[in-house]
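Peer 1: Submitted below is the structure of interest, expressed as structure tokens.
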């Protein structure tokens with residue numbers, strides 16, 4: 001565990017909590033893509049099946065349970081509790097265009113052709129593109145609330161920190177996971193445009209981000 | 001399976 005990995009995990013946790021609290025406090029999930037949140041719940045579920053097969057550390061287990069729990073809580077708030085505020089008309093990204101190719105790729109390119117490993121690979125690939133419905137929704141409506149942009153910022157920061165973590169681990173531990181790294185780079189690139197807007201628009205005092 | 005990778009990251 002290095003500082004980049006730890007702050008990356010905490011940044012990821014911050015993003016998840018920020019979104020959950022925003023929906024809870026405002027009693028509304030307007031502007032939030034339920035589809036992205038379902039994909040993230042699917043990502044955590046398929047990746048953390050190893051909770052049942054191997055124990056790594058108390059930290060690892062605890063964080064996995066928190067991530068999964070928060071992901072399902074978010075999906076519950078969007079599709080059940082605050083369903084009336086869900087902006088489904090603007091959440092029109094076709095997720096099958098992500099899930100099907102990603103599923104196929106996980107079968108073809110993996111470390112080991114076993115059920116758990118294929119599901120892990122699927123989750124890695126899917127995570128890299130799971131935010132697309134959310135970004136698509138923002139580009140469609142032309143704006144995002146400040147809190148939503150903070151959520152995206154921490155998600156992007158988590159990815160960037162993980163990249164540094166992998167460079168660190170390569171030099172100091174000889175650790176190298178090609179699948180995680182390639183998917184991580186793709187995922188980070190998807191956030192770059194958003195990062196630029198976040199920084200430039202954020203400083204202008206405007207509380208809206210227009211990605212167009 | 002034997003030699004299966006353990007993924008220690010989140």
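Peer 1: Does the range A:31-55 hold any residues that are facing chain B (nearest Cβ under 9 Å) and out of contact with any helix residue (DSSP H, G or I) (no Cβ under 8 Å at 6 or more places or on another chain), and which are they?
Peer 2: A:54
Peer 1: On to the next question. I'd like the full set of residues that are within 14 Å of chain B (Cβ to nearest Cβ) and surrounded by 14 or more Cβ atoms within 10 Å (Cβ to Cβ), limited to the range A:178-200. Let's see the steps before the verdict.
Peer 2: Taking the range A:178-200 as the starting set, the residues that turn out to be within 14 Å of chain B (Cβ to nearest Cβ) are A:178-181, A:183-184, A:187.
Of everything in the range A:178-200, those that are within 14 Å of chain B (Cβ to nearest Cβ) and surrounded by 14 or more Cβ atoms within 10 Å (Cβ to Cβ) turn out to be A:179, A:180, A:181, A:183, A:184, A:187.
Peer 1: For residues that are within 14 Å of another protein chain (Cβ to nearest Cβ) and farther than 21 Å from residue A:150 by Cβ, scanning just the range A:1-22, find the one that is surrounded by the most Cβ atoms within 10 Å (Cβ to Cβ). Walk me through how you get there before you give the answer.
Peer 2: To start, the set of residues in the range A:1-22 that are within 14 Å of another protein chain (Cβ to nearest Cβ) comprises A:1-2, A:4-16.
Those still in the list that are farther than 21 Å from residue A:150 by Cβ too: A:1-2, A:5.
Values: A:1: 12, A:2: 14, A:5: 19.
The selected residue is A:5.
Peer 1: With the structure loaded, tell me whether residue A:123 is within 12 Å of another protein chain (Cβ to nearest Cβ), within 17 Å of the chain's Cα centre (by Cα), under 19 Å from residue A:71 (Cα atoms) and surrounded by 13 or more Cβ atoms within 10 Å (Cβ to Cβ) or whether it fails that test.
Peer 2: Details: within 12 Å of another protein chain (Cβ to nearest Cβ): yes; within 17 Å of the chain's Cα centre (by Cα): yes; under 19 Å from residue A:71 (Cα atoms): yes; surrounded by 13 or more Cβ atoms within 10 Å (Cβ to Cβ): yes.
Against the criterion (within 12 Å of another protein chain (Cβ to nearest Cβ), within 17 Å of the chain's Cα centre (by Cα), under 19 Å from residue A:71 (Cα atoms) and surrounded by 13 or more Cβ atoms within 10 Å (Cβ to Cβ)), residue A:123 qualifies.
Peer 1: Say whether the condition of being in contact (Cβ under 8 Å) with a residue 60 or more places away in the chain and loosely packed, with under 13 Cβ neighbours inside 10 Å is met by at least one residue in the range A:83-99.
Peer 2: First, pick out the residues of the range A:83-99 that are in contact (Cβ under 8 Å) with a residue 60 or more places away in the chain: A:93, A:95, A:99.
If we keep only those that are loosely packed, with under 13 Cβ neighbours inside 10 Å too, we end up with none.
No, the conditions are met nowhere in the range A:83-99.
Peer 1: When only residues in the range A:60-82 that are in contact (Cβ under 8 Å) with a residue 40 or more places away in the chain and over 18 Å from the mean Cα position of the chain (by Cα) count, which is farthest from the other protein chains (Cβ to nearest Cβ)?
Peer 2: Going residue by residue through the range A:60-82, those that are in contact (Cβ under 8 Å) with a residue 40 or more places away in the chain are A:63, A:66-67, A:70-71, A:73-75, A:77-79, A:82.
Subsequent filtering for residues that are over 18 Å from the mean Cα position of the chain (by Cα) retains A:79, A:82.
Numbers: A:79: 25, A:82: 27 Å.
Here the residue is A:82.
Peer 1: Looking at A:165, A:110, which is the one that is buried (at least 20 other Cβ atoms within 10 Å of the Cβ), within 14 Å of chain B (Cβ to nearest Cβ) and over 14 Å from the mean Cα position of the chain (by Cα)? Lay out the reasoning, then the answer.
Peer 2: On the way: A:110 fails: buried (at least 20 other Cβ atoms within 10 Å of the Cβ).
Of the residues listed, the single one that is buried (at least 20 other Cβ atoms within 10 Å of the Cβ), within 14 Å of chain B (Cβ to nearest Cβ) and over 14 Å from the mean Cα position of the chain (by Cα) is A:165.
Peer 1: Can you name every residue in the range A:23-37 that is part of a helix (DSSP H, G or I) and surrounded by 20 or more Cβ atoms within 10 Å (Cβ to Cβ)? Break it down stepwise before answering.
Peer 2: Residues of the range A:23-37 part of a helix (DSSP H, G or I): A:23-26, A:34-37.
Residues satisfying the conditions are A:23, A:34, A:35, A:36, A:37.
Peer 1: Let me confirm something: among A:151, A:171, which residue is modelled with pLDDT of 95 or more, in contact with a helix residue (DSSP H, G or I) (Cβ under 8 Å, 6 or more places away or on another chain) and either more than 14 Å from chain B (Cβ to nearest Cβ) or surrounded by fewer than 20 Cβ atoms within 10 Å (Cβ to Cβ) (or both)?
Peer 2: Values: A:171 fails: in contact with a helix residue (DSSP H, G or I) (Cβ under 8 Å, 6 or more places away or on another chain).
On inspection, the qualifying residue turns out to be A:151.
The values are calculated or read from the model by the stated rules, or taken from the named source; none is laboratory data. In this text the structure is predicted, and so the values were computed from the model without any measurement. So basically every Cβ, Gly included, is an ideal-geometry build from the backbone, and we count neighbours across all protein chains shown.
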